[in-house]
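Contents: one structure, followed by commentary.
The values are calculated or read from the model by the stated rules, or taken from the named source; none is laboratory data. Here the structure is a predicted model, which means the values were calculated and not measured. All Cβ positions, even for glycine, are placed from backbone atoms using ideal geometry, and neighbour counts span all protein chains on display.
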């Protein structure tokens, strides 16, 4: 499949979507933008992006339509709804959903798109707000190779590691693996920092040591210092992480897998939700564990 991509429809300009779209504008692509709250797209509009009132309007005449929204229901409306991308009069060649959502929904979108002669790629990302701003995301891709090859130059403008995992839905399954790995790691980071603080150590100095060894991870090296500084602003929202853990648990149940660590992480993040912190970043797990230990 050879197509000259110039016009891109971009749907979703949140914490990650906005800088990701900005990288494509930096590369010279022409963007038409739609998002739920127009003010959140203002920085892109100021740079020359065109506003669209619906996803269908954004996708109309675009070469590729890309979305990164919030929840599975948002993804479904963005692409399959009455004003979704697949309702555009002049359909794009390929639609790419970069939201983390259900693998089964990725397959549903793929099949609906194929019935209209449109390609569909699922390409969820990992790397948080830092990865989005620095174009260093890891992007996990599912879909047919000709469509993946077509959009690969776009994905490479936003990510450092872009890997085609297989057929439609495989990108989302890989993202579930990613979230399972993060979930229990976040418990360990929070518990380790609480231990360091209670033992009278300087937590930042501790991170200098352990972050350079076998315990090093994005969670400890990037989110650990934020916890120490009491910076709980979202690089990735708690409410979105709870959504992801729920999807992973549902998929695990379907495959008859017992994943007790994942289940524990989900319960701890439900405690974060119960404390009213769903709009904070995932590092807010520390707040729930502090309260559990009487250290709040």
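Computed quantities for the displayed model
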read-out: One residue from 125, 163, 189 being assigned by TED's automatic domain parsing to the domain that holds residue 17 and either in contact with a helix residue (DSSP H, G or I) (Cβ under 7 Å, 6 or more places away or on another chain) or crowded, with 20+ Cβ neighbours inside 10 Å (or both); value: 125
read-out: Among residues of the range 161-177, those that are more than 15 Å from the chain's Cα centre (by Cα) and assigned to a strand (DSSP E or B), counted; value: 4
read-out: Residue match in the range 227-238 (condition: assigned to a helix (DSSP H, G or I), closer than 23 Å to residue 172 by Cα and outside the structural domain of residue 133 (by TED's automatic domain parsing)); value: yes
read-out: Residues of the range 223-245 satisfying the condition of being touching a helix residue (DSSP H, G or I) at 6+ places or on another chain (Cβ under 6 Å) and touching a residue at least 60 places away in the same chain (Cβ under 8 Å); value: 223, 235, 236, 241, 244, 245
read-out: Leading residue by the ranking (farthest from the chain's Cα centre (by Cα)) among those in the range 106-132 that are farther than 17 Å from residue 144 by Cβ and part of a helix (DSSP H, G or I); value: 130
read-out: The listed residue being farther than 28 Å from residue 146 by Cβ and either in contact (Cβ under 8 Å) with a residue 24 or more places away in the chain or in a helix (DSSP H, G or I) (or both), out of 77, 42; value: 42
read-out: Yes/no for residue 25 being in contact (Cβ under 8 Å) with a residue 40 or more places away in the chain, closer than 18 Å to residue 133 by Cα and under 21 Å from the mean Cα position of the chain (by Cα); value: no
read-out: Residue satisfying condition, being surrounded by 24 or more Cβ atoms within 10 Å (Cβ to Cβ) and under 30 Å from residue 225 (Cα atoms), within set 113, 106, 132, 120; value: 132
read-out: The listed residue being closer than 28 Å to residue 107 by Cβ, outside the structural domain of residue 131 (by TED's automatic domain parsing), at pLDDT 95 or above and in contact with a helix residue (DSSP H, G or I) (Cβ under 7 Å, 6 or more places away or on another chain), out of 271, 248; value: 248
